[in-house]
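Here is the structure we will look at.
The values are calculated or read from the model by the stated rules, or taken from the named source; none is laboratory data. Remember, predicted model here, so these are calculated numbers, not experimental data. Don't worry about glycine lacking a Cβ; one is built from the backbone with ideal geometry, like all the others, and counts go over all protein chains shown.
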Amino acid sequence: MLLRAEQPTISFYRYLYNTIGRQWFWYERRVMDDATLAACIHDAAVAVNVLYVGGVPAGLAEIDAREIRDIELAYIGLIPEFIGRGLGRYLVDWAIDAAWDREPDRIWIHTCTLDHPAALPLYQKAGFTPYAQNRFKIPDPRKMACFAD
């Protein structure tokens, strides 16, 4: 079951983001202070959707429609214990359908070499095509204070 988390608490959002993103080195939201993060995830145009399996959180699909004609699937991922069960495809398909319901001109998603190895092939199977490729280095997130937990 997928439910939109209306005004999710910062601690719940951080739990999802940190648990899902830790092994993929998601760090951008980890380094945000609570007020900045709240302004983002509580924006009416940002939908934080939580996948539940057996009554427990299993995944996250965050849809950012702040640019009304150009919707981003900002974060999509699964809690590690739920990877490998076919839920990723379900979550991506659901997020795409939810985004198209807003009638944008375009839906897009970022991926990188740090993401799950199946991410890019999954996005391509879902209909996405590579649009641009950027090369840049980031500091090793494991050395950031936000990864000390």
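Numbers below:
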quantity: Subset of the stretch 25-62 [more than 23 Å from Asp115 (Cβ to Cβ) and not hydroxyl-bearing (Ser, Thr, Tyr)]; calculated: Asp33, Asp34, Ala35, Ala38, Ala39, His42, Asp43, Ala44, Ala45, Gly54, Gly55, Val56
quantity: Residue list for the stretch 95-112, restricted to those being under 18 Å from Ile68 (Cβ atoms) and either in contact with a strand residue (DSSP E or B) (Cβ under 8 Å, 6 or more places away or on another chain) or touching a residue at least 60 places away in the same chain (Cβ under 8 Å) (or both); calculated: Ala95, Ile96, Ala98, Ala99, Trp100, Arg102, Pro104, Asp105, Arg106, Ile107, Trp108, Ile109
quantity: Flag for Thr129 being modelled with pLDDT of 80 or more, assigned to a loop (DSSP other than H, G, I, E, B) and among the polar types (S, T, N, Q); calculated: yes
quantity: Qualifying positions in the stretch 68-100 - closer than 16 Å to Val48 by Cα and in contact with an Asp or Glu (Cβ under 9 Å, 6 or more places away or on another chain); calculated: Ile71, Glu72, Leu73, Ala74, Tyr75, Ile76, Gly77, Ala95, Ala99
quantity: Filter pass, Phe136 being crowded, with 17+ Cβ neighbours inside 10 Å, out of contact with any Pro (no Cβ under 9 Å at 6 or more places or on another chain) and in a loop (DSSP other than H, G, I, E, B); calculated: no
quantity: Unmet requirement for Ala99, which otherwise passes all of (1) assigned to a helix (DSSP H, G or I); (2) surrounded by fewer than 21 Cβ atoms within 10 Å (Cβ to Cβ); calculated: (2)
quantity: Residue in the stretch 108-122 that is surrounded by fewer than 11 Cβ atoms within 10 Å (Cβ to Cβ), among the hydrophobic types (A, V, I, L, M, F, W, C), more than 21 Å from Phe12 (Cα to Cα) and modelled with pLDDT under 80 present; calculated: no
